[in-house]
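**Q** Pasting a structure below so you can have a look.
The values are calculated or read from the model by the stated rules, or taken from the named source; none is laboratory data. Owing to the predicted nature of the structure, the values given are computational and were not obtained by experimental measurement. Cβ sites come from the backbone with ideal geometry, for glycine too, and all protein chains shown count toward neighbours. Keep in mind that these areas ignore ligands, DNA and RNA; they rest on the heavy atoms of the full protein, side chains included. Shrake-Rupley method; radii C 1.70, N 1.55, O 1.52, S 1.80 Å.
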Amino acid sequence: MKYRAVKGTRDLLPPETDRFADAEATARRVFESYGYGEVRTPCLETTELFARSVGETTDIVHKEMYTFSDRKGRSLTLRPENTAGVVRAVIENGIAAGPMPLRLWYEGPQFRYERPQAGRYREFRQIGAELFGVPGPAAEVEILTMLFAFLEALGFRALTVAVNSVGTAQSREAFGKALQAYLRPRSSGFGEDDRRKLDENPLRLFDSKDPAVRAALEGSPRTLDFLDPESLRHHETVRRLLGDARLLFRDEPSLVRGLDYYTRTVFEVVSTELGAQDAILGGGRYDNLVESLGGPPLAAIGFAIGEDRLLQAAPRRSPDRALLLVLPQSPEDVDEALRLAAELRAGVRGSVEVDLLARGFRRGMARGNALFEEASARGLDREKIFAVLLGPREREGGTVTVKRLSSGDQETVPRASVAGWFEGRA
Ligand code: AMP
């Protein structure tokens, strides 16, 4: 093989694409029911946008971005996440200064130069939502309620969200100093990269997987002890309202999230169904980001769900689609087969396929049997797989022969009533 997909990227093919499309359609339905409109921003942005928002010293900006110069020497980056692009877009298009609240959702590919492993890719997809203009805890409640509605629509049950608060820029700074003071005497075993973090942005050490760092962080100061009174009150109200809304959450004092723009509430959902116990989604409030990127002061909160990981962990839906294989026996029967298929499609929840090569009933049935064997992977209900045979006998008699693959039973049905015959069956 001469050409291969780039390391860390992959092709999505049927039936896997069906699961992605299904999750995206569910996101659209649920998010629109909360008044969120879809936004699509470019995959390419200026590099500076991410340096300013995600943060120069985060892993993402420091070592995971696909950055290159275009032909005019401008530094561009394939987006590693979508919030920065959405914020740029709402400022640039003037809607950050428009009526509030502003509700947006998105879906699309993101790019990070990470070490590929199960559930971690260099091109991956995120589904996310952003709510602008609501400084109070009602924003957290809406965003998390909607998130759970989406996850439940996909079949997840009993998920809990881990929540914490990182406070304001000031309280984060005070916390960072305390963390440095606590960790410096314990940092002899740290690698070079983690030493850099300790100096430049100690909160980022919580992202480290190194056991030496994890051990040193045991018993370290907690963000909640450094919150300003306003942030603390906000956090308490969020927790109370989440309880009132019966959203399952647990306090996670060491949760800080890997991006610099968060203020106050941060949250994450981790699934044990993924081998490495990876997060399927994360989010939080980012009340300063719009202003720091040149817009008006504007409170905001959002989440990003890793679509690839979500589908790895999501329960499989029971297959329910129908498949009708219309088999013309010879090329003379193809026209009629196409006409019949067009009629059947209107009433069938699934697909109607014509054997355009008219390879005859025997080979047509062989393909039918092969599809029958793969039914559940293809989302097909075995009881709803049929072959519809059209040959000289049928043509003369003004009939078709319908064969149910699960039982092998077959029946002659008048041509005029075939569509009706499938009602309630496919
Ligand atoms: P983040 O933007 O880092 O908060 O990530 C949000 C979610 O995106 C994570 O919880 C993951 O589910 C997903 N994600 C992040 N990086 C990757 C990756 N390299 N491959 C697959 N999913 C990812």
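**Q** Could you say whether any residue in the range 62-69 is open to solvent by 20 Å² or more (accessible area, probe 1.4 Å), over 28 Å from K7 (Cα atoms), more than 16 Å from the ligand (Cβ to nearest atom) and at pLDDT 95 or above?
**A** No, that holds for no residue.
**Q** Given (1) touching a residue at least 24 places away in the same chain (Cβ under 8 Å); (2) farther than 27 Å from E142 by Cβ; (3) open to solvent by 50 Å² or more (accessible area, probe 1.4 Å), identify the lone condition not met by K209.
**A** Looking at each condition in turn, K209 falls short on (1).
**Q** For the range 197-204, state whether one or more residues are modelled with pLDDT of 95 or more, assigned to a helix (DSSP H, G or I) and out of contact with any helix residue (DSSP H, G or I) (no Cβ under 7 Å at 6 or more places or on another chain).
**A** Checking the range 197-204: not a single residue is modelled with pLDDT of 95 or more, assigned to a helix (DSSP H, G or I) and out of contact with any helix residue (DSSP H, G or I) (no Cβ under 7 Å at 6 or more places or on another chain).
**Q** Quick check on this structure: which one of P109, P137, P116 is within 12 Å of the ligand (Cβ to nearest atom) and open to solvent by less than 30 Å² (accessible area, probe 1.4 Å)? Lay out the reasoning, then the answer.
**A** Values: P137 fails: within 12 Å of the ligand (Cβ to nearest atom); P116 fails: open to solvent by less than 30 Å² (accessible area, probe 1.4 Å).
Residue meeting the stated conditions: P109.
**Q** Here's something else I'd like to know. Quick check on my filter: what residues within the range 188-200 are buried (at least 17 other Cβ atoms within 10 Å of the Cβ) and in contact (Cβ under 8 Å) with a residue 24 or more places away in the chain?
**A** F190, K197 - these are the residues of the range 188-200 that are buried (at least 17 other Cβ atoms within 10 Å of the Cβ) and in contact (Cβ under 8 Å) with a residue 24 or more places away in the chain.
**Q** Of all residues being open to solvent by 90 Å² or more (accessible area, probe 1.4 Å) and at pLDDT 95 or above in the range 368-384, which is farthest from R321 (Cα to Cα)? Just the residue, please.
**A** E373
**Q** In the range 1-32, which residues are of a type in the set (A, V, I, L, M) and surrounded by 15 or more Cβ atoms within 10 Å (Cβ to Cβ)?
**A** A23, A27, V30
**Q** Next question. Whether any residue in the range 239-261 is touching a helix residue (DSSP H, G or I) at 6+ places or on another chain (Cβ under 9 Å), at pLDDT 90 or above and near the ligand (Cβ under 9 Å from one of its atoms) is what I want to check.
**A** The answer is no, given that none of the residues of the range 239-261 is touching a helix residue (DSSP H, G or I) at 6+ places or on another chain (Cβ under 9 Å), at pLDDT 90 or above and near the ligand (Cβ under 9 Å from one of its atoms).
**Q** Mind listing whichever residues of the range 333-353 are free of Cβ contacts under 8 Å to residues at least 60 places away in the same chain and surrounded by fewer than 21 Cβ atoms within 10 Å (Cβ to Cβ)? I'd like the intermediate steps shown before the answer.
**A** Restricting attention to the range 333-353, the residues satisfying the condition of being free of Cβ contacts under 8 Å to residues at least 60 places away in the same chain are 334-339, 341-342, 345, 351-353.
V334, D335, E336, L338, R339, A341, A342, R345, S351, E353, listed by residue number.
**Q** Going through A169, A158, A174, A149 one at a time, which residue ends up being away from the ligand (no atom under 16 Å from the Cβ), open to solvent by 30 Å² or more (accessible area, probe 1.4 Å), in contact with a Phe, Trp or Tyr (Cβ under 6 Å, 6 or more places away or on another chain) and aliphatic (A, V, I, L, M)?
**A** A174
**Q** Could you tell me whether L311 is surrounded by fewer than 24 Cβ atoms within 10 Å (Cβ to Cβ) and either within 11 Å of the ligand (Cβ to nearest atom) or of a type in the set (S, T, N, Q) (or both)?
**A** Spelling it out, L311 is indeed surrounded by fewer than 24 Cβ atoms within 10 Å (Cβ to Cβ) and either within 11 Å of the ligand (Cβ to nearest atom) or of a type in the set (S, T, N, Q) (or both).
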